[in-house]
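The values are calculated or read from the model by the stated rules, or taken from the named source; none is laboratory data. Remember, it's a predicted structure, so these values are computed and weren't measured experimentally. For neighbour counting, all protein chains shown are included, and Cβ atoms are generated from backbone atoms with ideal geometry for every residue, glycine included. What goes into the accessible areas is simple: the full protein's heavy atoms, side chains included, and nothing from ligands, DNA or RNA. Shrake-Rupley method; radii C 1.70, N 1.55, O 1.52, S 1.80 Å.
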Amino acid sequence: MSGDHGRDSFEERLAKARGSAGLDRPVRKGPSDKVADSNAIRIAMRLGVEMVSALVIAVVIGWGLDRLFHTRPWIMIAFVPVGAAAGLRNVFRAMGPGSNS
Amino acid sequence: MAGPSIDALGQFRLTTGLGPIGHAVNFTNSNEMMLLSVGLIIVAFGLTLRTRALVPGRMQSLVETLYEFVHGMCVDTIGEEGRKFFPLVFTLFIFILLGNLLGLFPYFFAYTSGIVVTLAMAMFVFLFSTAVGFYIHGFKFLKFFVPAGVPGWMLPMLVPIEIISYLSRPVSLSVRLFANMTAGHVMLEVFAGFMILLTASLGVFGVVASIIPLGLNIALMGLELLVACLQAYVFAILTCLYLHDAVHMH
């Protein structure tokens with residue numbers, strides 16, 4: 001009995017560790033095709049907004065810093081790739097392993 | 001020929017309500033709708049929960065289902081600490097849901113189609129979740145911006161990315177709701193405008209042909225009902241996710 005119990009808690013801990021390390025994708029109840037289609041549109045909308053919003057924030061910050069230091073347009077230019085990377089980070093966080101959406 | 005034209009954006013124009021008093025304090029039609037929805041929520045919840053029957057009636061079970069749905073969402077997403085944030089999440093959810101749904105009625109203003117309203121709510125959620133993070137973890141919350149397991153020389157590159165990714169949250173949160181509601185209402189109005197244009201230009205044949213945009217509008221209405229509920233849900237679940245990040249820091 002106690003052996004079973006120990007193994008159960010080990011399996012639990014293993015699953016938890018794999019989940020937090022991003023090795024396992026969470027198992028989902030298979031949705032029907034129709035639901036999946038409407039989900040796909042929703043996800044596409046969501047990810048588009050996620051990517052663009054990070055870029056917008058980066059450009060705004062760069063523009064503000066440029067105004068502050070009178071270095072237009074260099075800081076803004078430097079912030080554009082950072083913003084693009086942040087947008088990708090957003091997308092990865094929203095859709096990558098370990099996300100629950 | 002100056003026939004009727006489609007003014008798809010006129011529906012978002014803010015006018016002042018409540019006569020001269022409203023005019024003096026800039027009380028807009030948007031505010032009117034907010035008051036209406038808040039009043040509806042309070043009355044509906046007050047009336048239906050007054051009896052507190054053990055076997056709920058129709059209205060009581062509707063309200064209880066909503067309550068338990070949001071409560072489950074809080075606890076599932078944030079964890080046990082989610083109970084503390086339930087009032088906030090539920091308030092946001094029901095306020096946005098009613099705003100979206102009431103906005104679908106003809107002549108009713110959809111206040112969630114204003115970026116001012118959605119951005120105000122998103123900024124509040126953002127500032128609140130950041131404050132919660134600092135309250136629970138103190139300055140250790142700044143470690144949230146340092147991704148784990150990354151070599152030190154990459155940090156100067158990655159930390160700005162994480163910070164901008166964090167700062168973009170209120171933007172994406174507010175733009176998503178605003179864009180969905182605005183786009184839906186513009187589409188409804190454009191298709192409705194087609195009917196008027198067809199009748200004006202083609203006469204009797206136009207009246208018959210108007211069945212096509214009418215049918216499309218009916219289908220769109222169904223879609224908009226779905227979007228209204230979905231966007232309220234998305235706003236609430238993202239609020240929960242951000243609070244989860246603030247509470248658990250990962």
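In this structure, the amide hydrogen of B:THR28, modeled 1.01 Å from its nitrogen in the peptide plane, lies closer than 5 angstrom to those of B:GLY17, counting only residues at least 5 positions away or on a different chain. For region B:76-92, backbone phi angles converted through the Karplus equation (6.51, -1.76, 1.60; θ = phi - 60°) give residue-by-residue couplings of 5, 7, 8, x, 4, 5, x, 4, 5, 9, 4, x, 5, 5, 5, 4, 4 Hz, Gly and Pro being listed as x.
Roughly how crowded by other chains is peptide A:51-61, in terms of the mean Cβ count from those chains within 10 Å of each of its Cβ atoms?
Numbers: counts 2, 4, 12, 9, 3, 5, 10, 7, 0, 3, 4.
Per residue, the number of nearby Cβ atoms from other chains is 5 on average.
Compute, for region B:29-248, the length of the dipole vector about the Cα centre, with Cβ point charges of +1 (Lys, Arg) and -1 (Asp, Glu) only. Units Debye, rounded to 20.
The dipole of region B:29-248 has a size of about 280 debye.
Measuring only protein heavy atoms, the 1.4 Å probe finds B:MET187 accessible over about 80 Å². Highest GNM mean-square fluctuation among B:VAL125, B:VAL150, B:VAL186, for chain B modelled with Cα contacts below 10 Å: B:VAL150.
At a Förster distance of 25 Å, what's the computed FRET efficiency of B:VAL25 paired with B:ALA120, Cβ-Cβ distance as r, to 0.05? If you can, show how the numbers build up before the last one.
Details: r = 18 Å, r/R0 = 0.72.
My answer for the efficiency is 0.90.
Between A:GLU12 and A:ALA40, residue separation times 0.36 nm minus the direct Cα-Cα distance comes to 6.9 nm.
Classify region B:60-124 as rounded, prolate or oblate from the Cα gyration tensor: take a ≥ b ≥ c as the square roots of its eigenvalues, call it rounded if a/c is under 1.5, otherwise prolate when a/b beats b/c and oblate if not.
Numbers: a/c = 3.81, a/b = 1.50, b/c = 2.53.
It is oblate, given that a/c is not under 1.5 and a/b is not larger than b/c.
When chain B is treated as a Gaussian network with alpha carbon springs shorter than 10 Å, the biggest mean-square fluctuation among B:GLU162, B:GLU189, B:GLU224 belongs to B:GLU162. Remark: spin-label model distance A:PHE69-B:LEU225 equals 5.6 nm, labels positioned 7 Å along the Cα→Cβ axis.
Would you please classify the overall shape of region B:29-248 from the alpha carbon gyration tensor, given that a ≥ b ≥ c denote the square roots of the eigenvalues, rounded means a/c under 1.5, and beyond that prolate means a/b larger than b/c while oblate covers the rest? Write down the numbers at each step before the final one.
Values: a/c = 2.90, a/b = 1.50, b/c = 1.93.
Cα axes put region B:29-248 in the oblate bin.
Here the sum of -39500 (n - 2.57) over DSSP H runs of 4 or more residues, divided by the residues of chain B, equals -25500 deg cm²/dmol at 222 nm, to the nearest 500.
With all protein chains in place and ligands, DNA and RNA left out, the 1.4 Å accessible area ranks B:LEU127, B:LEU177 as B:LEU127, B:LEU177, largest first. Counted over the protein assembly as shown with a bin width of 20 Å, the fraction of Cα pairs per bin, in whole percents, is 22, 51, 23, 3, 0. You can think of it this way: the chain between B:GLU68 and B:ALA53 has 3.8 nm of extra reach, that is 0.36 nm per residue less the Cα-Cα gap. Computed over region A:34-96, the percent of Cα pairs more than 19 Å apart is 42. Comparing B:MET154, B:MET59, B:MET34, which has the greatest mean-square fluctuation in the GNM of chain B with Cα pairs linked when under 10 Å apart? Evaluated over chain B, the most mobile residue of the options is B:MET154. Rounded to the nearest Hz, the phi-derived 3J(HN,Hα) couplings of region B:179-187 under the Karplus curve 6.51 cos²θ - 1.76 cosθ + 1.60 (θ = phi - 60°) are 5, 4, 5, 4, 4, x, 5, 5, 4, where x marks glycine and proline. Label-to-label distance for B:ILE211 and B:ARG13 is 3.5 nm, based on points extended 7 Å past Cα in the beta-carbon direction. If you sort A:ARG18, B:ARG58 by accessible surface, 1.4 Å probe, largest first, the order is B:ARG58, A:ARG18. Taking every residue in A:83-94 and counting other chain Cβ atoms within 10 Å of its Cβ, the average works out to 5. Shown for the protein assembly as shown: lysine pairs separated by 8 or more places, or found on different chains, whose C-alpha atoms are under 29 Å apart, numbering 6.
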